[in-house]
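The values are calculated or read from the model by the stated rules, or taken from the named source; none is laboratory data. Predicted model only: the values in this text are computed from it and were never measured. All Cβ positions, glycine included, derive from the backbone under ideal geometry; neighbour counts span all protein chains shown.
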Amino acid sequence: MDVLQDEILKKFGEHVKNLRLKSGLTQDDVVLNSSKITKATISDIENGKRNFAFTTLIDLAKGLNVPPKDLLDINFD
């Protein structure tokens with residue numbers, strides 16, 4: 001991965017983790033709510049280590065109990 005992509009993934013991961021914590025959810029809660037996402041995937045996303053498919057974004061939103069648009073409400077400047 002290139003440096004810009006790494007930074008984007010890290011920032012997105014921080015955003016996902018903040019949404020999860022704000023909702024009072026653990027990574028295990030997200031797994032239970034989603035049924036299609038694993039704890040390892042959530043961990044990798046939150047740590048900026050995974051670039052993933054759009055369908056994973058939808059599953060992640062379901063697991064976090066938020067609309068997908070909330071995951072994309074982030075400023076990458």
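Quick notes
- The single condition from (1) part of a loop (DSSP other than H, G, I, E, B); (2) more than 11 Å from the chain's Cα centre (by Cα); (3) exposed (fewer than 15 other Cβ atoms within 10 Å of the Cβ) that Leu25 fails is (3).
- In a residue-by-residue description of the range 44-52, the property of being surrounded by 14 or more Cβ atoms within 10 Å (Cβ to Cβ), among the β-branched types (Val, Ile, Thr), modelled with pLDDT of 95 or more and within 17 Å of Ile74 (Cβ to Cβ) applies to at least one position.
- Test: Thr41 is of a type in the set (Val, Ile, Thr) and loosely packed, with under 15 Cβ neighbours inside 10 Å: no
- Here Asp2 meets the list (1) touching a residue at least 60 places away in the same chain (Cβ under 8 Å); (2) loosely packed, with under 12 Cβ neighbours inside 10 Å almost entirely, failing just condition (1).
- The range 49-77, residues that are of a type outside the set (A, V, I, L, M), within 22 Å of Leu4 (Cβ to Cβ) and part of a loop (DSSP other than H, G, I, E, B): Lys49, Arg50, Asn51, Phe52, Asp73, Asn75, Phe76, Asp77
- Residues satisfying the stated conditions in the range 28-48, i.e. outside any helix (DSSP H, G or I), over 11 Å from the mean Cα position of the chain (by Cα) and not polar (S, T, N, Q): Lys36
- Failed condition for Lys36, given (1) modelled with pLDDT of 95 or more; (2) surrounded by 12 or more Cβ atoms within 10 Å (Cβ to Cβ): (1)
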